[in-house]
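Every number in this text was worked out from the coordinates using simple rules, so none of it is lab data. Nothing here was measured: the structure is a model prediction, and the numbers come from that model. Virtual Cβ from ideal backbone geometry, glycine too; neighbours counted across all protein chains shown.
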Amino acid sequence: MRKISLLLLSALLLIGSTVKADEGMWIPMLLKKYNIEDMQKAGFKLTAEDIYDINQACLKDAVVGLGREGRPFRHFCTGELVSDQGLMITNHHCGYGAIQSHSTLEHDYLKDGFWAMSREEELANEGITASFLIRMADVTTKVLDGVTDDMKESDRQKLIKKHIKTIVEEAEKDTHYRASVKAYFNGNQYFMAVYEIFKDVRLVGAPPSAIGKFGGDTDNWMWPRHTGDFSMFRIYAGKDNKPASYSNDNVPLQPKQSFKISLKGVNQDDFTMVFGYPGTTTEYLTSYALKMMTEVDNPHKIKIRTKKLDLMRADMDASPMVRIQYSAKYAGVANSWKRWQGEIKGLNRLNAIEKKEALEKRFEEWANSTPELKKKYAGILAKMKTYYDQVTPLSLARDYAIEAGFRGAETVGLAGSFKTLSNLKKEDTDKVQPELDKLKKESAKFFKNFNLPTEKKLLAATLKMYSDNLSDEFLPEEIKNIKKKYKGDFEMFAEKAFAKSIFASQTKLDQFIDNYKVSQAKKLGKDPLFVLSNSISFFYGSKIAPDYNKIMDQIDKLQRTYMAGLMKMQPEKVFYPDANSTFRVHYGKVSGYKPRNAVTYAHYTTLEGIIEKDNPEIFDYDVPQKLRDLYDSKDFGDYVNAKGEMPVCFAATNHTTGGNSGSPVLNANGELIGLNFDRAWEGVMSDLMYDPEICRNVSLDIRYVLFIVDKFAGAGYLLDEMNIVK
Ligand code: ARG
Ligand code: ASP
């Protein structure tokens, strides 16, 4: 007896020291080597090959990274195939731009929802791409061939770039695939991913925002949650089932694989797995980086955004028109603003800086333990600290240039986009008209969501913060001029600037564009908003960015060495690479948590909670009448849980981040049980440090999706093409 339990104990200890469940975003091709045993112990019933296999269809073939033409490898969200006719689900907030772009006052699909009742009614979306991962490969040896430790950093990067180009060309040769090589572990390893990228992705359906964005920014990053955050698309292909640009002749894609949908739902502690394209995490940063971020950069960025949000909110509350115009902008500004605040709290709660310092101390001791290690690793942390001390003021100046400068008032950004035009000379005449056409198109879009009084307030407030919070040495010339000329009265400046500027209205700007001749470039040079925008970018480009980038290059190099050292120091530990917008597998379990003293959260929410929040007076909580009726009549169909409740969302311990939105959430049998869309407030520091006690991803229960499509929208025909298992 005793012997067995000791054995068991040591086995458990061994597992504990190799792979820690919950934490981690794993590379699919390495699951077999590092994770599958752990996953199976946690309840997973399939094999590593069921997830990732390059010789036959497997689960990975039902997942897509969503990107944009021109930068398809920067996946902004994830989606999954749910039928053999190209039907794909992702989040409402991922499809938001597409839904908005098809909306007009007469057909407000954001407000009312949209359901294509036939293939003909599906709506094309220029520029959206959906990528399937075909295969990946470890290309580290090839990429780093000839690279040495004492090489100049710029030479190293040049050589790496050259090798990557060759690798990509070889992989793409004679195929219609696209390949991308990315750095892992801060440049200690390189993997190639080969994709098949589809370009005809059509909108099939979306619930009204009162469901898809229920709770809005109030509930964003929060648990308990009741958001029906989904939308549906269909991927189209040419007649040969290969990628093709949008055409009437295209046909629905027949994917290699699509997910079975399970109506079994979830219980506390059930195994869950998420597939997707997490964007960026930085788990291996030093204490110095964390300090700069949590004590300098983010508090200032939060302060600037708080001001912007207050101003927008006041105007949105006062006018329904402004609310429509600014709701997407508001959501954009609010999203990171809220996350940063949760992050700081979470890191403090974990004593993250002290933990990092303790690890660094251990690292130094280890680095000094043999002459060999000493040569490579000793002293790098002290150097790192010096660089962070140097870069901190530059980083802050950079934050202000971006947050309070280019993006302070959006008109500053608009003015900046006229820079290329202003540089065109007489001999460039053939380039002038295309540039004007482009600007005209862009500014028409811009003014659709523009309210002059709001912009004035934003400009005045952000410029004032810019000038109040930085010493003159870090201020662009024009901001110093304005400060002097208007004696610090930035409101007065904003008033005068907009009175004079061509960027104050679409009429003025169109007039300027329509009558533009190269000789008028001078006129731009006198426009106060153009001058301001120019001055910020000139100052940033000449006084901040060069030094900032130089130091960051040094830091990156040290971080690469530090990362290599950390892995060498802990040979028993299996490391997962930071997110870099490549395909990953996350696994964990369904679980509630304790957010604070005496409070425990359940692992799931139900329609009951939506009705509890219902308040027609509050925009974010205004429940559609039809949903109330369905609730009253308890018309939940097959979608109820064992208790007869209508489930909405659930929380789990999967370690996800931005980009994972829309990711399929699977059960132990590899069946679809939900869509990932967010994380819980108390645990958003998981991008920097994960804690299984409190870090939770938030998913939409697939049964709520089906319920909305079927009972609420009356689009049940879409369910016919799905493979639903009871
Ligand atoms: N927090 C989620 C994510 O990072 C959802 C954001 C969209 N929703 C919103 N209310 N702003 O993408
Ligand atoms: N909401 C995020 C996304 O859009 C997911 C997250 O950060 O947890 O990808």
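Tabulated data
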{"item": "Listed peptides 603-610, 352-359 by packing density, highest first (mean Cβ within 10 Å)", "result": "603-610, 352-359"}
{"item": "Burial order of peptide ranges 175-182, 336-343 (average beta-carbon count within 10 Å, highest first)", "result": "336-343, 175-182"}
{"item": "Estimated vicinal HN-Hα couplings, Hz - region 673-681 in sequence order (Karplus 6.51, -1.76, 1.60; Gly, Pro = x)", "result": "10, x, 10, 5, 9, 6, 10, 8, 2"}
{"item": "For region 324-408, with +1 on Lys and Arg beta carbons and -1 on Asp and Glu, the positive-most of VAL333, GLY346, PHE406 along the dipole", "result": "VAL333"}
{"item": "Mean residue ellipticity (222 nm) of the chain, computed from DSSP H runs ≥ 4 via -39,500 (n - 2.57), nearest 500", "result": "-13500 deg cm²/dmol"}
{"item": "Cα-based shape type of region 380-456, given that a ≥ b ≥ c are square roots of the gyration tensor eigenvalues and the cut on a/c is 1.5", "result": "oblate"}
{"item": "Stretch gain in nm, segment LYS45-LYS517, where the contour uses 0.36 nm per residue and the Cα spacing is subtracted", "result": "163.0 nm"}
{"item": "Cross-link table LYS303/LYS526; LYS338/LYS508; LYS239/LYS711; LYS41/LYS557; LYS60/LYS239; LYS329/LYS594, entries beyond 27 Å C-alpha to C-alpha", "result": "LYS303/LYS526; LYS338/LYS508; LYS239/LYS711; LYS41/LYS557; LYS329/LYS594"}
{"item": "FRET efficiency for LEU123 and ASN267, using Cβ-Cβ distance with R0 set to 30 Å, rounded to 0.05", "result": "0.20"}
{"item": "Using θ = phi - 60° and Karplus 6.51 cos²θ - 1.76 cosθ + 1.60, couplings along region 635-642 (whole Hz; Gly, Pro as x)", "result": "8, 9, x, 7, 8, 6, 8, 4"}
{"item": "Among 587-600, 267-280, 145-158, the order from most to least packed when residues are scored by Cβ within 10 Å on average", "result": "267-280, 587-600, 145-158"}
{"item": "Cysteines without a disulfide-compatible partner [the chain; Cβ-Cβ under 4.7 Å]", "result": "CYS58, CYS649, CYS695"}
